[in-house]
Structures are given as C-alpha cells and as structure tokens.
There are 2 protein chains.
Amino acid sequence: MTEPTHIDDSHDPALQSWVASANAADTDFPLQNLPFGRFRRSGSSDPWRIGVAIGEQVLDLKLALTQCPWSREVEPLLQPLARGELHALMSQGATARGAVRAALSRALREGSEQAPFLKLCLVPRADIELSLPCRIGEYTDFYTGIHHATAVGKLFRPDNPLLPNYKWVPIGYHGRVSSIGVSGQRVRRPRGQLMPPDAKVPVFDAAKRLDYELELGVLVGAGNADGKPMTMAQAEDDWFGLVLLNDWSARDIQAWEYQPLGPFLAKNFGTTISPWLVMQEALAPFRKPFAHPADDPQPLPYLDSPANRERGAIDILLEVWLHTDAMRAKALPPHRLSQSNFGDAYWTVAQLLAHHTCNGCNLGPGDLLGSGTQSGPQAGQGGSLLELSQGGKQPIALPNGETRTFLADGDTVTLRAYCERAGARRIGFGECAGTVLPALPF
Amino acid sequence: MTEPTHIDDSHDPALQSWVASANAADTDFPLQNLPFGRFRRSGSSDPWRIGVAIGEQVLDLKLALTQCPWSREVEPLLQPLARGELHALMSQGATARGAVRAALSRALREGSEQAPFLKLCLVPRADIELSLPCRIGEYTDFYTGIHHATAVGKLFRPDNPLLPNYKWVPIGYHGRVSSIGVSGQRVRRPRGQLMPPDAKVPVFDAAKRLDYELELGVLVGAGNADGKPMTMAQAEDDWFGLVLLNDWSARDIQAWEYQPLGPFLAKNFGTTISPWLVMQEALAPFRKPFAHPADDPQPLPYLDSPANRERGAIDILLEVWLHTDAMRAKALPPHRLSQSNFGDAYWTVAQLLAHHTCNGCNLGPGDLLGSGTQSGPQAGQGGSLLELSQGGKQPIALPNGETRTFLADGDTVTLRAYCERAGARRIGFGECAGTVLPALPF
C-alpha cells in the first residue's frame, strides 16, 4: 500500500463503495461516514470487537488486519482497534485519526485492491449486537441549547428566562458514567423524593414527570495534561467524534433536589447513547460559520478563534420519535415529536473543551461531553417533553388518539440525526433508542 | 493457621504489636487501625504495592503473601492485594473485609507465629511514597455539614440560610475524578471567568478567592447492580472505609458559574485525599447514636433503620492546619485553623449510599463519596476560609502577623483526623496535605 495518506478525498460525494448497500441514497452509513462501533454476533458472548459501519454491513477490524496488508503508517494504528480498544487511537490525535479514516475510505471504495480480502471481513449489521463505542472515561453535561435554556427558564422566571451568566459561560456540570447505556437500553422509572403540588412535606414515590432530552455527545480525543488548559486550536483538533445522547430526566425529582448544587438523582439513573461514533472528519462537509448574535456578548478570547468563527458550528438535523405500547399493539409506526438542529447551539464543540480545561482540569480519551438539550427556536421544536408540553400544562396529542405530558411506561424514545446538503453525501448517526420500564414495586 | 476468623477481637485496646512503634501512644497507626495504602520505594518506578500501615512501618502485602502461610479463607482474599489491586477485596463485601482485617490483626500482634516471617516484609514509612489508595471509580460530593450549609447560606440569604430541601434530601452532586490527587498534591491556582465586584462584564483571570474544604471521603465497597437500590442494611455493610478529602474551591469562579446547574470549574481543578484508607471496622469503637433534632423532619423510611439510629454517626475529630511560605522561611510550625467533628454531620455514611442508589443509580468498588464540608456549630469551627473569614470580610490573623481571607500562593493546607475515647485505642488518619502553586502566566 503506497498511497500517500495525507491526501484525504474521503468526502468526495462521487465515491462509491464495493459494499453495494453503502451506495443506497438513504443509508446512514455511506463510504463518506465510516463510524466506529463495538460489536459481537447477536446472542454470543464473544469479546467485543471494533468495526466500521458500511451500508448494511460492518467491517470487522480484527479480521481486516489479518486478511490484507495495510500501510506501514496505518497498521500500528489499527492494531489496538483489532484488539477491541478505541482509546489508543483516540489518544493519538488528529493526524492519526485522519490517516485511519483515509485508509478505511480507500480500502472500502470501488476498485480497491483490498476488496477481495475485505469481503471476507464483513458481518451483516442485522446479525450483530452493539455495546458502548468505547469505555467512557468521565461524563460532563453542558447546556448549549439556548432555546432550551430559555424555554425552561421561562417556566420558572417568565420575565427573566436566561440567567446573566448564560451568554458568557458554557454552563456545564458533571454526570454519572455507570448508568450510561447503549441504544436499546431499558431505563427503569426512578423512585425518589418528590414534593407533590400543594404538599408541605415530600413523599418517596415513583417519578411522575419522566422526560427525555435530545442531545449530542462529544467523545474527547487525547485530552490534556493536568494543569494545562487546551487552546481553542488544540480543542478544535482534539475531539474525536459525536454520538446521539438521551439524558433521561425526572422533572419532579429535579425540581425538589436541585438547589443549590444542581441536578443529581434526577439525571443519573440512566443515559443512553448511540453505538456508532461518527468521527469529526466525517462531519467536515457540514461545518459552518459560528457567531453569537451581534447584540450578545462576544466570546472571551479563550473561547474564540478564527477557525471557530469560520467553521465552528455543525449543521446536524436532530429528531425525536416516540413509540408507545398502544402504537405497537396496533402495529402503528413511531411518531416524530420534534426536529431541531445542532447548528443552533450557543457554544461550539471546541468551546466546550476549551472551557472545561481553562482551569487546568484534565480531560482524557473517551471522556463524554453532552451538548445539553438541543431545541429549535420555534414552538414544537423543543428537545424535551417539558418544553413540548409547556411544563406539563399542554398535553401533546399523538396520531392514535393518545396524549402525553411526560413519558408513560413502555414508551420507546428514539433519537436520530443526519447531515445533508447539496454537494455532499448524506450521512447519518443511526439511532439512539431507549424504553421506559415501570418503577420497582413498593 | 487454624484460628476461627469470625472471632474479631481486633479492637481490644490491650493488644500490642510486635512492631514496637505501633505501641506508641501518639501513633496514628496502632494495631487497632490497619489502614490500606498503595506505596513504592521513594523515587523508584516500581509498580505500586498495597501495604498496611503499622506504627512507623508498612507491611508489604506482596511479600507477606510469599513469606508465610495464611488461612485457606484469607489467602485468596490477599492475592489480589498482593498484585496491588484493592477493588477485588472491596467487591467482596463486609465478611471478606472483616476476615482480612482479623487475619492482619492476629499476624501483627505480639506473640504471632507469623512475626519472624513478617519482620522481613516491613518497609519504613519514611522510605516510601504513596499513591491514591485505589483506582477511584466515580466521585460524588455530598453536603452533609449542616453548620457549613447554614453559614454559607447566611452569606447569601441572611433570613433563610437553609433551603427547604436540606433537612429532607442528602444533597449531592457529581464531581471530577481525573484531578483527584493524593496528599502532597500541588494544586495550581485556577484561571476562570470571574465577575469583579461592581463590574458589568466578567473577566478571565486567576481566581482570587481560593479556598479549601475539610471533608471526609467514603470509599464504596461492592456497590449495587444497575436499577437495584441499596437498603439501609446493605448500605451499612457496604462502605469500605474513609479517607480525608480536601475539596479545593475557587469561590469567585463558583459564584459566577454555579447557577442553575451547580459548581463545575470552581471545584474540578483539584481534589486531594489522604493515602491511608481506614476501614469501616477500624471505626467501630467510635460509632454513636444518630438522630435529627426532635424539631427537624425525621428521615424518610428509605433513609432510616434501627442500626442507623443506634450507631450511624461516627465520632471523628477533624482539623485544618495552614503552613505559609513566610512561616516556612522562619522555620515556624503550621498553625491550626479549626477543629470540628464528623459526628455533627446531618446525614450518616449509610444514608449517603442509600440515597445515591434509591433511584437505581449503580455504585461500584472504589467510588468516592465526599461528605461535604464539616464545620462545627461554633464560630471558629468553619471547615473553609469562606466561613472563617465570613465571606472574605473578616481577615484571619495568623500567629506570625500574616492574615488570610483566602489562600495565598505557597500555602500548604493539611487536614488531619483522629478518633479517641476512653476504653478504645486512639486511631488516626495520617494527613492530607496540598500546596497552592501560582496561576499559569498569561
């Protein structure tokens, strides 16, 4: 293999794959995407392996390393992947990440000399189960959705919905890793302390106001040494990729517990992410200029850079779908609750890393940063039921005659995301689904 | 070795060790303590080993396993310790923990048949360096110091210092593991967004109001399965032990960032814990009855048990010492800033575990739960400078003529703790020291 790896044409929309299903117009996983996931044969107890989604197939990287030669530059980068470990590549930074992507793109495109060998390394996606794409280090959840922050703030402070720090500080807080699961997770309705309306004392009961939050999750790359903040330029290079993230939330637990130290048990009983980790490089065609509105405070210098202004935002369409037990019983399809766009976020991914590390806090490979709920500016674009039902006051009518203010037992919430624009191949994120189990009996 | 391991006389104050320094009246580490730590020879790059502090010595458990026989019950429990890994023992629960403690107590007491062999396994504590006592899983910080919560609340809300949830909910929030270090940590003064007094816009600058917080840290034992809350009885058995914990805090960063999701960059630039993990069993003689004041709300049933009422609290005296550059320059000793007692905490250790898991959130071996700042009821017993200086308004006079409202560069803060009562052997926690480095230059 002698192609120079620094020529990366992996986004060329004209490129086709020798994996036929990757060339379908509506696939989430064309040759231009190439996300990583950890998989094994459904129902087996095999060790988890790393694969790359391509159309309806997965390229098994363990087999791929043994079945055909790779360049001297790329082979050592693929070896830890073949052992099922993504952290080693994450910790190598942008050049290594780009080299692996370019090599995979060449190997999977039509006319590749590797095709005859790699055909032996494909597993149908229908035959696999997926785990978390990597070991999550630590988890921080941000709050970059200004339309969400405004809508939620309005419920509490109609005249002053946004707190004074919002337009200066990328607000964030630490979350819990142990309860993060992958798409397909079954999340038990939590019990907790609730203060019923008009009550004087709290009760311990199952949450009544269970909700989802539509977010993206950023997987950190190499990170930074303890005490050494990342510059914006370092932050822009460092982040590895994105997944979908559902930050399940119990609004009634949250309302009673969150003062003064923030959400805790209202959020840490379950968080679901999608299994396919879409690399930063796959999103390059969908980057766009970033700016705060002219009347707003402009980012402080540690959160500002020319590259961030030029291409800091990412145009990603986000959707929430609901499938209820009653819909399933009548074989009705899921219902789309809302759409929004990550391009409306008030802070960029690089700003989250630069802010998180500006005090010297050290990030590491596989750390997960939630974007916060992504709601659009219009009514009906809320990224949570709290917003869509206006704090539970306006039930949402579903097409089968059901209504929802908050989630019912059996409800399946599915997040989806995709990028599309003229002149680029559409790419998708797959899905992030989770189902509500009833609370434990008392 | 055939002694029945269920007879645990390890607290008998009359017991003496064949390690002479363990019998000194003022040692933190008599035979009745036996805390675990991870150590290596100072300046070496040897792998970290697990040892047990005994007087001025450490018993090297790797050597101890090879040098003499152990009972059939205890030997498999010691094997992972000999490999430098505490998690395996943590995950075994209370019976295993007690069996190991009883075996170590018998081995180290006067007249032990193992003494001639174990003498070869001692390393002077003066010759070692220590790491974190175990790999920290995740970190949650609670807020059980009601005198701290009241004092801090008064600074913001003179008429209503405690929020309505405080006496019902063991308030907590998630923290950051990557910046947790062991005693001796050098913590760089963080930079961050600050809102100067009377300013209209924030600045990015070095924190001016750097503070410590005097806490204990609980190390979780086996933990609980996802979705399965711990009962109080399970929580009482499960926790493995305690360390000292300094939750370094930048009050000016905190004031500007913390609404509405809680502290973030104000806290995650550094947290220091002590290296010697004092097991729950060592604290047994210092347990005491626990009750909320009669006029306060009583704990909800999931936070209540007979054992918790009978012996939920722990009488541990806590101290903060300050050593400044100016004191060091004149060879003056450190100055004690305050004393308080963990027996004044508003919630017990078991209540923290039961609350954390009541929504199904899963804890695991090595998870760390901070107690929150432990301040006493009297003026001058504040567990932070924020309290001792009344929000920075009343400088504290030091004996050498210096004053402090918040920490200066070069200041070393040392936390100490010990338990003593008539009829029990005094035990100590060693020390938890950390030194402030100047902020990075701009």
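The values are calculated or read from the model by the stated rules, or taken from the named source; none is laboratory data. All figures in this text were calculated on a predicted structure; none of them were measured in a lab. Here Cβ is always computed from backbone atoms with ideal geometry, including for glycine, and neighbour counts include all displayed protein chains.
Computed quantities for the displayed model
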| item | result |
| --- | --- |
| Scan of the stretch A:113-147 for residues that are in contact with a His (Cβ under 8 Å, 6 or more places away or on another chain) and of a type in the set (Ser, Thr, Tyr), ordered by number | A:TYR139, A:THR140 |
| Residue under evaluation B:PHE290, criteria (1) surrounded by fewer than 17 Cβ atoms within 10 Å (Cβ to Cβ); (2) assigned to a loop (DSSP other than H, G, I, E, B), criterion not met | (1) |
| Answer from B:ILE396, B:ILE427 - the residue that is among the hydrophobic types (A, V, I, L, M, F, W, C), touching a residue at least 24 places away in the same chain (Cβ under 8 Å), touching a strand residue (DSSP E or B) at 6+ places or on another chain (Cβ under 6 Å) and over 25 Å from B:ASP211 (Cβ atoms) | B:ILE427 |
| Leading residue by the ranking (farthest from A:SER179 (Cα to Cα)) among those in the stretch A:254-266 that are facing chain B (nearest Cβ under 7 Å) and of a type in the set (A, V, I, L, M) | A:LEU261 |
| Close pairs from the stretch B:167-183: first among the basic types (Lys, Arg), partner surrounded by 22 or more Cβ atoms within 10 Å (Cβ to Cβ) and modelled with pLDDT of 95 or more, Cβ under 7 Å, at least 6 apart | B:ARG176/A:GLU138; B:ARG176/A:HIS174; B:ARG176/A:CYS361; B:ARG176/B:TYR139; B:ARG176/B:ASN268 |
| A:TRP239 vs. criteria hydrophobic (A, V, I, L, M, F, W, C) and either within 25 Å of B:PRO263 (Cβ to Cβ) or in contact with a Cys (Cβ under 6 Å, 6 or more places away or on another chain) (or both) | yes |
| Some residue of the stretch B:331-342 being within 14 Å of chain A (Cβ to nearest Cβ), on the phi < 0 side of the Ramachandran plot and out of contact with any Cys (no Cβ under 9 Å at 6 or more places or on another chain) | no |
| Residue that is closer than 27 Å to A:GLY262 by Cβ and more than 14 Å from chain A (Cβ to nearest Cβ), where the choices are B:LEU277, B:LEU244, B:LEU283, B:LEU300 | B:LEU244 |
| Strands (runs of 3 or more DSSP E) completely within the stretch A:77-176 that count 1 or more residues being surrounded by fewer than 21 Cβ atoms within 10 Å (Cβ to Cβ) | A:122-124, A:128-131 |
| Selection within the stretch B:177-204 - part of a loop (DSSP other than H, G, I, E, B), at the interface with chain A (Cβ under 7 Å from one of its Cβ atoms) and within 27 Å of B:VAL218 (Cα to Cα) | B:VAL177, B:SER178, B:SER179, B:PRO190 |
| Pick from the stretch A:405-442, criterion away from every other protein chain (no Cβ under 14 Å), touching a Gly at 6+ places or on another chain (Cβ under 8 Å) and part of a loop (DSSP other than H, G, I, E, B), ranking: surrounded by the fewest Cβ atoms within 10 Å (Cβ to Cβ) | A:THR405 |
| Those residues of the stretch B:346-370 which are touching a strand residue (DSSP E or B) at 6+ places or on another chain (Cβ under 7 Å) and away from chain A (no Cβ under 14 Å), in sequence order | B:THR348, B:VAL349 |
| Filter result (closer than 27 Å to B:PRO285 by Cα, among the aliphatic types (A, V, I, L, M) and outside any loop (DSSP other than H, G, I, E, B)) within the stretch B:31-76 | B:ILE50, B:VAL52, B:ALA53, B:ILE54, B:VAL58, B:LEU59, B:LEU61 |
| Residues satisfying the stated conditions in the stretch B:192-217, i.e. crowded, with 18+ Cβ neighbours inside 10 Å and out of contact with any Lys or Arg (no Cβ under 8 Å at 6 or more places or on another chain) | B:GLY192, B:GLN193, B:MET195, B:PRO202, B:TYR212, B:GLU213, B:LEU214, B:GLU215, B:LEU216, B:GLY217 |
| Hey, B:ARG125 at negative phi, basic (Lys, Arg) and more than 9 Å from every other protein chain (Cβ to nearest Cβ) or not | yes |
| The stretch A:224-273: number of residues that are without any contact (Cβ under 8 Å) to a residue 24 or more places away in the chain and buried (at least 24 other Cβ atoms within 10 Å of the Cβ) | 1 |
| Scan of the stretch B:386-404 for residues that are within 18 Å of B:THR150 (Cα to Cα) and among the small types (Gly, Ala, Ser), ordered by number | B:SER389, B:GLY391, B:GLY392 |
| Candidates B:LYS154, B:LYS119, filtered to the one that is at pLDDT below 95 and more than 12 Å from every other protein chain (Cβ to nearest Cβ) | B:LYS154 |
